[in-house]
Amino acid sequence: SQKIEQNSEALNIQEGKTATLTCNYTNYSPAYLQWYRQDPGRGPVFLLLIRENEKEKRKERLKVTFDTTLKQSLFHITASQPADSATYLCALNFILTGGGNKLTFGTGTQLKVEL
Amino acid sequence: DGGITQSPKYLFRKEGQNVTLSCEQNLNHDAMYWYRQDPGQGLRLIYYSQIVNDFQKGDIAEGYSVSREKKESFPLTVTSAQKNPTAFYLCASSPKTGPSRGYTFGSGTRLTVV
């Protein structure tokens, strides 16, 4: 069966360090992979998208890698700040017949950045 | 500003009642989605619609119903057939042409059975 795995244990890091979150998947061949941020009691917010033919994508302090051979994506936040504390969700994108797309989410990893 | 509005923010349902969750978007997006979020289980897709007057079941559609009579609106009804409806419900939308900008989510409705 299809599965998306993110580390269920919270990740605690010190301010200024680089946070690295992992997303592994099995039995999928996604066209795209996306990362979202979710704060408690709020809806997810889109951060980055990477296509299956891209190895790396950057946006400000964020970097995403996508290895379709390993079936893994890594999400990095450099120079982390307490305001980066949130749950980060990985999501796989599939193109539907007739156009449109469907997104399947992992369970998320909670990041806490401490002073 | 464009966005998605979900209402109400909190909803309490008695056993055996049907309740309807509202989702409205002014982003001119073709596609709309309903997800359910439970602790430790991530988001699970209930229903989605790529175009007005058409919708498809997601992974956990049993006990739910939807309609898409207008492009802007995609209400979700939680029926009495849904045995465990207590959860956080999220509505999202996206352009049909491609996912390059990701999904836009509403702020959610927390439903509790009392």
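Here are the numbers for the structure shown:
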item: Value in Å of the Kirkwood radius, where chain A supplies the Cα pairs that are averaged; result: 14.4 Å
item: For A:Leu111, residues with placed amide H under 5 Å, excluding near neighbours; result: A:Leu11, A:Ala86, A:Thr87, A:Tyr88
item: Cα-projected label distance for B:Ala81 with A:Leu74, points at 7 Å along beta-carbon direction, nm; result: 4.7 nm
item: Base-10 log of normalised Debye intensity for the stretch B:68-114 (one unit scatterer per alpha-carbon) at q = 0.13, 0.16, 0.19, 0.32 Å⁻¹; result: -0.43, -0.61, -0.78, -1.22
item: For A:Tyr32, residues with placed amide H under 5 Å, excluding near neighbours; result: A:Asn93
item: Efficiency of FRET from Cβ geometry, A:Leu115 and A:Thr20, R₀ 22 Å, rounded to 0.05; result: 0.65
item: Linear extension gain, A:Asp67 paired with A:Phe94, 0.36 nm per residue minus alpha-carbon span; result: 8.1 nm
item: Cα pair distances exceeding 18 angstrom across the stretch B:6-114, given as percent; result: 44 percent
item: Shielding of B:42-49 by partner chains, average beta-carbon count, 10 Å; result: 4
item: Cα coordinate range in the protein assembly as shown, projected on the principal axes (Å, largest first); result: 50, 40, 40
item: At most 12 other Cβ within 10 Å, DSSP loop - trypsin sites (Lys or Arg not before Pro), the stretch A:1-95; result: A:Lys55
item: Above-threshold pairs, the threshold being 29 Å between Cα atoms, out of A:Lys63/B:Lys70; A:Lys3/B:Lys96; A:Lys71/B:Lys70; result: A:Lys63/B:Lys70; A:Lys71/B:Lys70
item: Listed residues A:Tyr28, A:Tyr88, A:Tyr36, most fluctuating in chain A (Gaussian network, C-alpha, under 10 Å); result: A:Tyr28
item: Cβ neighbours within 10 Å from other chains - mean over A:102-110; result: 5
item: Inter-label distance for B:Ser67 and B:Glu15, nm, one decimal - labels placed 7 Å from Cα along Cα-to-Cβ; result: 2.9 nm
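A short reminder: the numbers here are calculations on the coordinates, not readings from a lab. Keep in mind that this is a model prediction, so the values were computed, not measured. No Cβ is skipped: glycine too gets one built from the backbone with ideal geometry, and neighbour counts run over all protein chains shown.
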